[in-house]
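Student: Got a structure here, written out as structure tokens. Questions coming.
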Amino acid sequence: MRKNIVAGNWKMNKTLQEGIELAKEVNALVAGASLKCDIVLGTPYVHIVDVVKSVDGSKIGVAAQNCADKVSGAYTGEVSASMIKSTGANYVILGHSERRAYYGETNAILKEKTDLALANGLTPIFCIGEVLDEREAGKHFDVVKSQIQEALFHLSAQDFGKIVLAYEPVWAIGTGKTASPEQAQEIHAYIRKTLADKYGDSVANDTSILYGGSCNAGNAKELFANPDVDGGLIGGASLKAADFFAIISAF
Ligand code: 13P
């Protein structure tokens, strides 16, 4: 179902104690607020259990930032989708550009991860987006389309309905350079059209498509005002409760 969502991606930041503190601060800010969006905290694996316990689960969901592409067994250092589900987390961020760029995650691997996430009742927040060269060459539409086609278009319409997409132009991540509201709307509309061509208007119109990349309290309102932008995936600005809450309040 299409919802407004503001999701934080803490990336590799915060000790356990700092993470619990941040989660509690966000929880306190959210407690008295009338919310117009769902909220998700994407924490490192080791924080998940405590963050789940520190927040009101009816208002704040918790996401892992990755999961294994295997079910279980001799894969030292990996964490499976079923393990994540067993912690009380209900989302998993998949296909972040940092995982694609630094850890060799391909669309084929992400297809496996998506299937395992769905099989274990986790909602994937599936990231797509182009690098600067691709944008400058006008290839951004084709890039996001092939990312979606190769990793997700094997899904039934019913399963695709469980996916949240996050468009994150790589040139905007952590750079302070945000896509303009027009750029965001243009590509979000294209993504929705791509979904409509494959699954029909109803699935396309029910899919939440978040924007990520230097989204902050100053630009969130303008970005979220676009008809095809259903919220944000927030990195740096999710690391301080007040900043994150200001973005939540942009709805
Ligand atoms: P920043 O908000 O720090 O640019 O990061 C965006 C991001 O990568 C969220 O997943």
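Computed from the coordinates by the stated procedures, all read-outs in this text should not be read as laboratory data. Note that the coordinates shown come from a computational prediction; the quantities given were computed from them, not determined experimentally. Reconstructed Cβ throughout: ideal geometry from the backbone, glycine too, with neighbour counts over all protein chains shown.
Student: Out of the residues in region 74-109 meeting the condition of being in contact with a strand residue (DSSP E or B) (Cβ under 7 Å, 6 or more places away or on another chain) and within 14 Å of the ligand (Cβ to nearest atom), tell me which one is farthest from Val62 (Cα to Cα).
Tutor: Among those that are in contact with a strand residue (DSSP E or B) (Cβ under 7 Å, 6 or more places away or on another chain) and within 14 Å of the ligand (Cβ to nearest atom), it is Ser97.
Student: So Ile187 clears everything in (1) part of a loop (DSSP other than H, G, I, E, B); (2) within 16 Å of the ligand (Cβ to nearest atom); (3) touching a His at 6+ places or on another chain (Cβ under 7 Å) except one condition, right? Which one?
Tutor: Unmet for Ile187, out of (1) part of a loop (DSSP other than H, G, I, E, B); (2) within 16 Å of the ligand (Cβ to nearest atom); (3) touching a His at 6+ places or on another chain (Cβ under 7 Å): (1).
Student: Next question. Of the numbered conditions (1) assigned to a helix (DSSP H, G or I); (2) in contact with a strand residue (DSSP E or B) (Cβ under 6 Å, 6 or more places away or on another chain); (3) of a type in the set (A, V, I, L, M, F, W, C), Phe126 fails exactly one; give the number of that condition.
Tutor: So Phe126 meets the others, but not (1).
Student: Follow-up. Return yes when Ala217 is of a type outside the set (Ser, Thr, Tyr), away from the ligand (no atom under 15 Å from the Cβ) and farther than 24 Å from Glu130 by Cβ and no when it is not.
Tutor: When the stated conditions are applied, Ala217 does not pass them.
So that you can scan it fast, the table gives a plain yes or no per residue for (1) surrounded by fewer than 18 Cβ atoms within 10 Å (Cβ to Cβ); (2) under 22 Å from Lys221 (Cβ atoms):
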residue	(1), (2)
Val6	no, yes
Trp10	no, no
Leu16	yes, no
Val30	no, yes
Val40	no, yes
Tyr45	yes, no
Lys53	yes, no
Ile60	no, yes
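Student: Do we have any residue at all in region 36-49 that's closer than 28 Å to Asp206 by Cβ and in contact with a Ser or Thr (Cβ under 7 Å, 6 or more places away or on another chain)? First the steps, then the outcome.
Tutor: Start the filter on region 36-49 by keeping residues that are closer than 28 Å to Asp206 by Cβ, which leaves 36-43, 48.
Within this subset, residues satisfying the condition of being in contact with a Ser or Thr (Cβ under 7 Å, 6 or more places away or on another chain) are 48.
Among the residues of region 36-49, at least one is closer than 28 Å to Asp206 by Cβ and in contact with a Ser or Thr (Cβ under 7 Å, 6 or more places away or on another chain), which makes the answer yes.
Student: Just the residues that are within 23 Å of Thr207 (Cβ to Cβ) and over 13 Å from the mean Cα position of the chain (by Cα), please, taken from region 115-133.
Tutor: Selection gives Asp115, Leu116, Ala117, Leu118, Ala119, Asn120, Gly121, Glu130.
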